[in-house]
1. So if we plug the beta-carbon distance of Leu187 and Asp112 into 1/(1 + (r/R0)^6) with R0 = 41 Å, what FRET efficiency do we get, rounded to 0.05?
2. About the Cα centre of the chain, what is the dipole size in debye to 20, counting +1 per Lys and Arg Cβ and -1 per Asp and Glu Cβ, all else neutral?
3. Could you check the simple spin-label distance between Glu246 and Glu207, using points 7 Å along Cα→Cβ, in nm with one decimal?
4. Pull out a ≥ b ≥ c, the square roots of the eigenvalues of the alpha-carbon gyration tensor of the stretch 8-283, then state rounded if a/c is under 1.5, prolate if not and a/b is larger than b/c, and oblate in the remaining case.
5. At 222 nm, what value in deg cm²/dmol follows for the chain if DSSP H runs of at least 4 each add -39500 (n - 2.57) and the sum is divided by all its residues, to the nearest 500?
6. Give the relative contact order (percent, whole number) for the chain; include only Cα pairs under 8 Å separated by 6+ residues.
7. For a test of the definition: using alpha carbon positions, the gyration tensor, and the 1.5 limit on a/c, classify the stretch 22-71 as rounded, prolate or oblate.
Amino acid sequence: MAALKPFYKDVQSHYDLSDEFYRLFLDPSMTYSCAYFERPEMTLEQAQLAKVDLALGKLDLRPGMTLLDIGCGWGSTLFRAAERYGVRAVGLTLSRNQHDHVRAEIDRRGLDAQVRLQGWEEFDGRADAIVSIGAFEHFRHERYPDFFRRCRAILPSGGRMLLHTIIGNSLEDMRRLNITVTREDALFHIFVKREIFPGGQLPQAAEVTTLATGAGFEVERVQALQQHYAQTLDLWALALTERRAEAVALTSEQVYDRYLRYITGCADRFRRGMLDVMQFTLTA
């Protein structure tokens, strides 16, 4: 495990673009993953908090526990865990911008929490529970077995883990589901891998459950949130479009166009069933 080096460069190329740019289309908590519209009238901010609570609520957290947040982003899950559940939260991120933001916010709020510029490959501590939302897509297939083995080693017997990740359906699955795959879909896939998430790869649901059980976990529950992500992406696209001038001023016309294509294209593919997003509740 010590030989594995996190993919700092790939992750920073995306997430360290500009915090101000991401603020233009994300909700105020800067949660950059699928929201959960528990009620139709929810705002994006309310639905993001509902997603965080949905995830944390599956971990049986109690005051005094240590929660490891792998890929903590701008910290919304970590903050909620520390404030609502009274746990000691440890967040890992490969993004310098996210690390600096979370560290400043921890100090401002006076939380019993810490954030590390570190990957799971480098983490050598222990935790009572693990949450990972929207980070698994960066880990790459060849590291999945190591990831699950490492997580199992971090947890005590009976410890719980919540893994929230986008899922890619295989061509065989899409044929079975009568989903038409076009040349434009193939080109969009290449575009995202080259220009948005270099090095990113999507797992299949069976791959996650097979590797998790192989590492010693039991899969307690799998919850799909497919259409919730389509709705989330629609709201991101609307917000970005409305603040186009600011986005271009902060970055460039090319960056604005690239992100709008990525967000609207992903929304279409979640809606058509090509992509899904799932929460896997695992027990050690």
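Quick note: the coordinates plus some simple rules give every number you see, no bench work behind them. Computed from a prediction, not measured in an experiment: that's the story for all the values here. Virtual Cβ from ideal backbone geometry, glycine too; neighbours counted across all protein chains shown.
1. Numbers: r = 48 Å, r/R0 = 1.16.
The formula returns an efficiency of 0.30 here.
2. I would put it at about 400 debye.
3. Each label point lies 7 Å from its Cα, and together they span 3.7 nm.
4. Verdict is oblate for the stretch 8-283.
5. Values: 12 runs with 129 residues, N = 284.
Result for the chain: -13500 deg cm²/dmol, rounded to the nearest 500.
6. Working: 497 pairs, mean separation 64.3, N = 284.
Normalised by residue count, the contact order of the chain is 23 percent.
7. The shape class here is oblate.
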